[in-house]
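Every number here is computed from the coordinates shown, using simple stated rules; none is lab data. The structure displayed is predicted, hence computed values, not measured ones. We place every Cβ from the backbone using ideal geometry, glycine too, and count neighbours over all the protein chains shown.
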Amino acid sequence: MTVKDLCQRFGVRANTVLIWIANGELKAGNVGRGMAAKKPRWRITEEALRAFEALEQREEESREAQARRRRKRAARRIAATQ
C-alpha cells in the first residue's frame with residue numbers, strides 16, 4: 001500500500017501518515033529509486049498495516065477506559081459534595 005492509499009483508508013492527510021512512519025508507529029519501506037532520490041516513496045505491507053491497526057485499537061480502548069475512569073471520579077466528587 002502507498003501513503004496515498006492509507007490517506008484514503010483512514011481519511012487523513014499524507015503528513016499524518018508520514019508522521020506515523022517517522023514515529024515508528026507504522027512500519028514502511030522506502031522503495032525510492034535509490035539513495036539519491038530526493039523524495040522517498042514509502043510502501044506499507046499488509047502485515048505492517050494490521051499491526052498498526054491493532055496498535056490504534058488498543059490505544060483507542062485505553063483512551064475510552066481513561067474517559068470512563070474520569071467520569072466515575074467526577075461522579076464520586078459530585079456525590080460527595082451533595
Subject >> Estimated dipole of the stretch 4-82 in Debye, rounded to 20 [Cβ of Lys and Arg +1, of Asp and Glu -1, Cα centre] >> reply: 460
Original post:
Given the rule -39500 (n - 2.57) for each run of at least 4 DSSP H residues, summed and divided by the residues of the chain, what is its mean residue ellipticity at 222 nm, to the nearest 500 deg cm²/dmol?
Top reply: -22500 deg cm²/dmol
Original post:
What lysines could a cross-link reach from LYS39, if we take a straight Cα to Cα line under 20 Å and drop same-chain neighbours fewer than 8 places away?
Top reply: LYS4, LYS27
Original post:
Over the Cα atoms of the chain, what is the Rg over Rh ratio if Rh follows Kirkwood?
Top reply: 1.27
